[in-house]
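Quick notes on the structure that follows.
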Amino acid sequence: MNPNGFKIGNIQINPPLVLAPMAGISHLPFRRLIRKYGAPGLFFTEMLSARALPGEQFDWPGFVQCDEEEHPISYQIFASDPRDAEAATQKLCQGPVDIVDLNLSCPAPEIAKKRKAGAHLLNDLDMISRILRAMKSVSTVPVTAKIRLGKTADRGFLAELAAVFTENEVAAVTIHPRVTGEKLKRVSRWEYIGYMKEMMTVPVIGNGDVKTREDCLRMFSETGCDGVMIGRAAVQKPWIFSTINREGADITPEFLQKCYLEAVRLVSDYFEEPRFLGRIKEFTWYFSKNMKFGHHFASLIQNADSLTEVKGIVENKFQGSC
Ligand SMILES: Cc1cc2nc3c(=O)[nH]c(=O)nc-3n(C[C@H](O)[C@H](O)[C@H](O)COP(=O)(O)O)c2cc1C
């Protein structure tokens, strides 16, 4: 791990650790929680619809607001039409945005099948080029991309994709080395991160299955990547970025309860109740993995109907679940 981090364009990323874009999770209150326990060198927002983005307000609670303290931050968009991508990039560049990232990795049917965006675009290199060109034509900040491997794990295809990125002056690439249809349970194929690094002259961020400091150091040394992106493990352990940098926190049941309550407070202060509940339930699936009887705790939270009920469950059941 390079102690000086790395650069995307002129932006210094230090430490070279990145919070993954995660729909329903990487919202502002979650990023605040992460900051409280130790920030990465770069935050990502959850993926944002390029079509809907021009209607968003930077100074209003929602999808695009960010804190002054969370720079650098990369805003990720998904798009299937170059005109939408251009309008979204233009809008983002009017706000406090450091990097705009194009999602070429999401295989979820609502994005890939229905909207022909995300990982679906890996079937059409020409469309990727057109979208990147549209984004670059209006962007005042670096434009990056996050990819999966495509339909199959194929070095030839990755080389073609790397050429498209180079031609369109993409400033960095994140690679999550699973083929499009693969579930997150299957082990990611880190050898393709190393291969992408050989192909690109700009920074490559590796992603997939980093759960501990040791995994992170191993990803750096085995692949030669410039940065490591962490997703699910950062939801389970919002303190993970600080434990990679230095000694870990003492994880007692009291510590876990305090962290969970802090998440509840941050999310409920920011989102109105129906949206608050959805967000805290999503967070709880991952966070409850820290607890011995976490599944039971998570099931109770999934059935909660209000903030008061969530707090009651934490008060009565949390300690017994650790
Ligand atoms: C709940 C959830 C939501 C996700 N949403 C996005 C997204 O919005 N954009 C994206 O590029 N990847 C998304 N991903 C994929 C992650 O960014 C990451 O590539 C994947 O989880 C593998 O990294 P990990 O093993 O560190 O979790 C999501 C993953 C999860 C679990």
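Straight-line cross-link reach from residue 116 at under 20 Å between alpha-carbon atoms covers these lysines, not counting any fewer than eight positions away in the same chain: 146, 151, 183.
Compute the relative contact order of the range 148-200 as a whole-number percentage, counting only Cα pairs closer than 8 Å that sit 6 or more residues apart in sequence. Before the final figure, lay out each step's value.
Numbers: 44 pairs, mean separation 25.8, N = 53.
Relative contact order for the range 148-200 comes out at 49 percent.
Relative to the dominant Cα principal axis of the chain, helix 82-92 is inclined by about 60°. In a GNM of the chain with a 10 Å cut-off on Cα contacts, which of 88, 23, 233 has the highest mean-square fluctuation? Ranking 88, 23, 233 by mean-square fluctuation puts 23 first.
Treating only the Cβ of Lys, Arg, Asp and Glu as charged (+1, +1, -1, -1), what charge dipole size does the chain show about its Cα centre? Round to the nearest 20 debye. Each step should come with its number before you reach the end.
On the way: 40 positive and 38 negative charges, 164 e Å.
For this selection, approximately 780 debye.
Shown here for the range 76-170: trypsin sites (Lys or Arg not before Pro) in loop regions (DSSP other than H, G, I, E, B) with at most 11 other Cβ atoms within 10 Å, namely 114.
Using the Karplus relation 6.51 cos²θ - 1.76 cosθ + 1.60 with θ = phi - 60°, the per-residue 3J(HN,Hα) values for the range 15-32 come to x, x, 10, 10, 7, 5, x, 9, 4, x, 10, 7, 7, 4, x, 5, 5, 5 Hz, with x marking Gly and Pro.
Would you mind ranking 78, 271 by Cβ crowding within 10 Å, fewest neighbours first?
Values: 78 29, 271 19.
Fewest-to-most ranking of 78, 271: 271, 78.
For the chain, what is the calculated [θ] at 222 nm in deg cm²/dmol (nearest 500), taking -39500 (n - 2.57) for each run of four or more DSSP H residues and dividing by its residue count? Before the final figure, lay out each step's value.
Working: 13 runs with 140 residues, N = 322.
Calculated from helices alone, the mean residue ellipticity at 222 nm is -13000 deg cm²/dmol.
Rounded to the nearest whole Hz, the Karplus-based 3J(HN,Hα) values (6.51 cos²θ - 1.76 cosθ + 1.60, θ = phi - 60°) of the range 99-106 follow the sequence 8, 10, 10, 9, 7, 10, 10, 6, with x at glycine and proline.
Of the GluC sites (Glu not before Pro) in the range 217-307, the ones in a loop by DSSP (not H, G, I, E or B) with at most 10 other beta carbons within 10 Å are 247, 272. Cα to Cα, under 23 Å, and not fewer than 8 places away if on the same chain: which lysines meet these conditions relative to residue 36? Candidates past the 8-residue exclusion: 211, 237, 258, 281, 289, 311.
Order these peptides, 47-60, 164-177, 5-18, by their mean beta-carbon neighbour count within 10 angstrom, highest first. Present the calculation step by step, with values, prior to reporting the outcome.
Numbers: 47-60: 16.5, 164-177: 21.6, 5-18: 19.8.
Order by mean packing, descending: 164-177, 5-18, 47-60.
Counting only C-alpha contacts under 8 Å and six or more residues apart, can you give the relative contact order of the chain as a whole percent? Walk me through the numbers before you get to the answer.
Working: 604 pairs, mean separation 50.8, N = 322.
RCO, the chain: 16 percent.
As I understand it, the value is the acute angle between the Cα axis of helix 155-167 and the longest principal axis of the Cα atoms of the chain; what does it come to in degrees, rounded to 10? Roughly 80 degrees between the two axes. Sort out for me the Cα centre separation of the range 256-283 from the range 39-89, rounded to whole Å. Centre-to-centre distance over Cα atoms comes out at 21 Å. Of all DSSP beta bridges confined to the chain, the antiparallel ones make up roughly 10%.
The C-alpha atoms of the chain define a longest principal axis, and helix 125-138 lies at about 80 degrees to it.
For the range 127-180 versus the range 189-215, the inter-centroid distance based on Cα atoms is 15 Å.
Taking amide H as placed 1.01 Å from N in the peptide plane, residue 44 has its amide H under 5 Å from the amide H of 19, 74, each at least 5 places away in sequence or on another chain. One decimal place: the segment residue 93-residue 307 gains 73.5 nm when fully extended, by the rule 0.36 nm per residue minus the C-alpha distance.
Between the beta carbons of residue 246 and residue 83, assuming R0 = 51 Å, the FRET efficiency works out to 0.65 to the nearest 0.05. How much length is gained on full extension from residue 60 to residue 255, taking 0.36 nm per residue of separation minus their Cα-Cα distance? Taking 0.36 nm per residue and subtracting the Cα distance, the gain is 67.0 nm.
Just to confirm a number: summing +1 for Lys and Arg and -1 for Asp and Glu over residues other than residue 22 whose beta-carbon lies under 10 angstrom from that of residue 22, what do you get?
On the way: positive: 232; negative: 46, 282.
Surrounding charge for residue 22 is -1.
Read-outs: derived from the displayed coordinates by stated rules, not from any lab. A quick note: this is a predicted structure, and the numbers were derived from the prediction, not measured. Because the Cβ atoms are built from the backbone with ideal geometry, glycine has one as well, and the counts that use them run over all protein chains shown.
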